[in-house]
Every structure is written in C-alpha cells, then in structure tokens.
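Have a look at the structure below, then the notes.
The values are calculated or read from the model by the stated rules, or taken from the named source; none is laboratory data. Keep in mind that this is a model prediction, so the values were computed, not measured. For neighbour counting, all protein chains shown are included, and Cβ atoms are generated from backbone atoms with ideal geometry for every residue, glycine included. For the accessible areas, the whole protein counts, side chains as well, though only heavy atoms, and no ligand, DNA or RNA atoms are used. Shrake-Rupley method; radii C 1.70, N 1.55, O 1.52, S 1.80 Å.
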Amino acid sequence: MDERKREIYTYEAKWPIYGMNWSARADKPFRLALGSFLDDYTNKVEVVQLDESTESFISRGVFDHPYPTTKIMWMPDRKGDRPDLVATTGDYLRIWEVMDDGIQMKSLLNNNKSSEFCAPLTSFDWNDMDPNIIGTSSIDTTCTIWDVERQQARTQLIAHDKEVYDIAFARGTDIFASVGADGSVRMFDLRHLEHSTIIYETPGMQPLLRLAWNKQDHNYLAAMPMDSQKVIILDIRVPSIPAAELQGHGAALNSLAWAPHS
C-alpha cells in the first residue's frame, strides 16, 4: 500500500479569494484565513484547516466583513499561549477571536471617532516581537500604531505626502517603514517619532505599493513600484541607491515576500 502523502491540497471557496494568511500557532498547523473579493458591501472571511486524516481542508468558521479585506493576518503567537486572534483591515482595523464554538469580533479600532466617515486602511503589520503592537497605513497619509490589549491608538503620524500603501516592522519592536503614492520609502523609530529617514525615492515619484523587511538581516528591505515588473532591494546603511533591482516578470507585480530563513 502506498503510504505517501498527497503533495497538493486544494480548497475551493464559494467566492473569489483576495486576502490570505497562514496561522503561526504550532498547535494549529495548516490553518488559513481567507478573504473574499465580492463587488458588494458584505464580504466574507473564512478559516479553513487541513484535516490530515482525510487530507482535505475543513471550514472552521466564516464571518461577514464590510468590503473586501485589504489584508488578513493572524497574531504572531507561535507558542499558542495567547488568545487565538486574527486581524483584518478595510474601512477599519478589526480583531477577531477564533474559538471552538465560533468566531466573534473582539474589537473595532477607529482613531477618528469625531466623524462618521473614515479613510480606508490599505495595509497593516503585526509586530513579531510584541504581539500587542499593530501598525496600520491609510490613504489619508497617516500611519497609526495600535495597542491591541487597550484597544486604542498609541500614536498616529503623518507618514507621507500622499496615500500610504504599506507598512512593515523590522525585527524588534521600535523600527518600522512605510511606502506610498509619493514614491518614497520612509523609516521610523517609535522612540523618536519627531524624525523620519527617507531611505529611497523612485525616479519621477513613481508610487510604491508594497514593502517587506528581511527579518534575518534588518539592514535589507524590498519594495515594489506600482505597475512595475521589478523589485527594489534596499540597504538602509546606503540610502537612496538600490542594492539590487530584481527583474524577470512579464507583467506588473502585485506581491512580494522574503523567505523566512534567509
């Protein structure tokens, strides 16, 4: 009898999938959160987990979400000694708790309670070293650093001259970077927010959509221009000049990621 396991596992959602993230918990292996992309106010987020005995994905819960999620991310809790949380962004930052009997919203974080309108959030990052910290980016030119336990903003700053499209923490709790429509990569230190460092600016102010920090060597980060086929690798010790430009795609990029071990 062939004891080899299947190498490809497939799950077919009931809607087009846009957002996706692996759970980091060691006690919840092969678990994903999936976000829909529907042309409707009400979208969906579903949690699925691989049942290794049947070699198939099983739905562990689904909940409604206003608008498609711009990003989904599980709490970076590998030991599993904290509440089982997953966060989403769209119109607001929402944090959801996954329990055995269902999924419920734990908090909706809004730093502009004086207005009925909100500036959509484009992305966020959950700090690996301190899961109590989340940073969000917005089209209103700001980044906000949130205290998850207190459910309130620690600080909000004007990060760019135009829309901010992405935010990422370096290794550690204090340093983060952002990219935006003004074509710049900017680095911030939570201990000294009165200053920021412009690491790089694109020729002609071409907008930058995404960035990713190398968690093994925090001197390097990668950024992705809008409507571009290349990835820009930056060394923060030598600002303004790319350390490398990676090309090879035949169409515009929409995502990038470092391997976690290199």
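Here the Karplus relation 6.51 cos²θ - 1.76 cosθ + 1.60, evaluated at θ = phi - 60°, turns the backbone of the stretch 69-74 into coupling constants of 6, 7, 7, 10, 8, 6 Hz, with x for every Gly and Pro. Taking 0.36 nm per residue of separation and subtracting the current Cα-Cα distance, fully stretching the chain between T155 and W15 would add 46.7 nm. If R0 equals 22 Å, the separation of the Cβ atoms of D217 and H192 corresponds to a calculated FRET efficiency of about 0.45. Classify the stretch 108-262 as rounded, prolate or oblate, taking a ≥ b ≥ c as the square roots of the eigenvalues of its Cα gyration tensor: rounded when a/c is under 1.5, otherwise prolate if a/b is larger than b/c and oblate if not. Note, shape of the stretch 108-262 comes out prolate. Highest mean first, the peptides 72-78, 127-133, 96-102 sorted by other C-beta atoms within 10 Å per residue fall in the order 72-78, 127-133, 96-102. Shape of the stretch 39-99 from the C-alpha gyration tensor: oblate (a/c of 1.5 or more and a/b not above b/c, with a ≥ b ≥ c the square roots of its eigenvalues).
Across all C-alpha atoms in the stretch 13-164, the radius of gyration and Dmax reach 15.6, 53 Å. When the chain is treated as a Gaussian network with alpha carbon springs shorter than 10 Å, the biggest mean-square fluctuation among Q156, Q247, Q49 belongs to Q247. Overall, the accessible surface of the chain at a probe of 1.4 angstrom is composed of carbon and sulfur to the extent of 49 percent. When the chain is treated as a GNM with alpha-carbon contacts under 10 Å, the residue of L246, L50, L34 showing the greatest mean-square fluctuation is L246.
Please find, in a Gaussian network model of the chain (springs between Cα atoms separated by less than 10 Å), the residue of D91, D39, D182 whose mean-square fluctuation is greatest. Highest fluctuation among the options: D39. Maximal additional length on extending the T54-F30 stretch stands at 7.3 nm, based on 0.36 nm per residue less the C-alpha distance. Put simply, the amide H of T122, placed in the peptide plane, has neighbours under 5 Å in S137, S138, I139, leaving out anything fewer than 5 places away on its chain. Modelled this way, with points 7 Å down the Cα-to-C-beta line, the labels at I233 and D128 are 1.7 nm from one another. Applying the Karplus relation 6.51 cos²θ - 1.76 cosθ + 1.60 with θ = phi - 60° to the stretch 207-224 yields 3J(HN,Hα) values of x, 10, 8, 9, 9, 8, 9, 6, 7, 8, 9, 6, 6, 10, 9, 10, 9, 10 Hz, where x marks Gly and Pro. Annotation for the stretch 26-79 versus the stretch 190-262: alpha-carbon center distance of 28 Å.
Computed 3J(HN,Hα) for the stretch 245-262, one whole-Hz value per residue from the Karplus formula 6.51 cos²θ - 1.76 cosθ + 1.60 where θ = phi - 60°, is 10, 9, 10, x, 6, x, 8, 4, 7, 10, 6, 7, 7, 7, 5, x, 9, 8, glycine and proline marked x. Both radii are taken from the alpha-carbon atoms of the stretch 148-192; with Rh as the Kirkwood radius, Rg/Rh is 0.99.
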